[in-house]
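Below is one structure, written out as structure tokens; the observations come after it.
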Amino acid sequence: MCRNIKTLHNFDPPVTDEEIRAASLQFVRKISGFNKPSKANEGAFVAAIDEIAGASARFLRSLETNAPSRNREEEAAKAKARAAERFGA
């Protein structure tokens with residue numbers, strides 16, 4: 001499940017709120033063990049996603065780097081090449 005969480009720092013264009021929320025959803029799913037919570041746990045599940053997304057956004061905004069921004073397309077191509085090597089074509 002957490003393999004779907006991508007690095008969000010130092011990209012051009014910068015990370016979007018939707019990307020931060022998607023990573024937060026994956027994190028909450030992983031630590032809770034729920035892919036979809038029951039009705040009884042739905043409020044806590046959504047609240048956790050919101051809190052983690054907020055903390056993640058603040059954290060990403062506070063990071064500083066001297067490295068050049070990474071290109072999303074180049075990084076995706078590298079990941080695809082690694083997957084092809086690992087799992088075959």
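Points worth noting:
- If you go through the range 64-79 and keep only what is in contact (Cβ under 8 Å) with a residue 40 or more places away in the chain and charged (D, E, K, R), you end up with 70, 72, 75.
- Looking only at the range 47-75, and only at residues there that are of a type in the set (D, E, K, R) and modelled with pLDDT of 90 or more, the one that is farthest from residue 20 (Cα to Cα): 64
- Condition met for residue 45 (of a type in the set (A, V, I, L, M, F, W, C), surrounded by 12 or more Cβ atoms within 10 Å (Cβ to Cβ) and farther than 22 Å from residue 7 by Cβ): yes
- The one condition from (1) closer than 15 Å to residue 9 by Cα; (2) surrounded by 10 or more Cβ atoms within 10 Å (Cβ to Cβ) that residue 64 does not meet is (2).
The values are calculated or read from the model by the stated rules, or taken from the named source; none is laboratory data. Quick caveat, the model's predicted, so the values are computed rather than measured. Note: ideal-geometry Cβ built from the backbone for every residue, glycine included; neighbour counts use all protein chains shown.
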